[in-house]
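For reference, the structure is listed below as structure tokens.
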Amino acid sequence: MNATGTIWVYTLGSITIVSLVSLIGAVALSFGMERIKKWLLLFVSFSAGTLLGDAFLHLLPEVTEKEGSFSLQISFGVIAGILVWFIIEKFIQWHHCHHVHEFDKDHIHPFAILNLIGDFLHNIIDGMIIAASFLVSIPVGIATTMAVVLHEIPQELSDFGVLLHGGFSRGRALFLNFLSALGALLGAVFALFLAGQIEGIELLLIPFAAGSFIYIATADLIPELHKESRVGESIKHLVSLLAGVVVMALMLLVG
């Protein structure tokens, strides 16, 4: 198998794993949502660590090495990743705040539909990020896939809860969450198609991916950890976050 074929196989295999994470809601139903919630913040903190570790230990060093130096192009790519996520989340939060008061358990409500659309866009970008990472190297692609999967666990549980709150049945919520997750496949195929048409496209996508991961970790995940003020739990979250960074560092040795 040539290099291009290997990248496609690794990328599509990783996308399959990421998409299956969307069914985590079924696991939550089996074990009980309350029991899952006890472990959720540890997942969140570990996920934040892996996202930061992947951005600063894998993605940015790799693209800097390929560029020869840390250029303005890389800086603007990181800023673009942060801004795009800021805009997407601002729109979703604005719409959610203006429509969540309309909740009625007998109807499907707009905020649930919007959540699906937002999650679909999120997954498209995740797919592009994973594909771009494998274009850089297989070890970077694997590290990025791990970071995305760990981030998707609490994210998909949250999305599943929003869909239930918005009026969907459990079965339909799981099905729609899975369809939304397939956006990652579209994003990956699109990125690999671009790579075949535009040489060096990964040098634009990787800084964007790093910016995305930095934003998600610092603006979405870490603020959730600050809601827990008990010293013992806070120490656990810190250790879990550091563990995520350490895992990404150890993967450098494997790669």
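Only the coordinates and a few stated rules stand behind these numbers; no lab work does. For clarity, every value in this text was computed on a predicted model and none was experimentally measured. Quick reminder, even Gly has a Cβ in these numbers, built from the backbone with ideal geometry, and neighbours come from all protein chains shown.
Residue separation times 0.36 nm, minus the C-alpha to C-alpha distance between His226 and Leu20: what's the value?
71.2 nm
Within 12 Å, Cβ to Cβ, of Ile130, how many net charges do the neighbouring residues add up to if Lys/Arg are +1 and Asp/Glu are -1? Before the final figure, lay out the partial values.
Working: positive: none; negative: Asp54, Asp126, Glu152, Glu202.
Here the charged neighbours net out to -4.
Are there trypsin sites (Lys or Arg not before Pro) in the stretch 148-255 that DSSP puts in a loop and that have at most 10 other Cβ atoms within 10 Å, and which ones?
Here the sparse-neighbourhood loop sites are Lys227, Arg230.
Among 185-191, 44-50, what's the highest-first ranking by average C-beta atoms within 10 angstrom per residue? Intermediate values should be presented prior to the final figure.
On the way: 185-191: 19.7, 44-50: 26.3.
Ranking the peptides 185-191, 44-50 by packing returns 44-50, 185-191.
With the cut-off at 1.5 for a/c, could you classify the stretch 144-255 from its C-alpha gyration tensor as rounded, prolate or oblate?
It comes out oblate by the Cα gyration axes.
Taking the Cβ of Ser45 as the center, what net charge do the other residues with Cβ under 11 Å away carry, scoring Lys and Arg +1 and Asp and Glu -1?
-2
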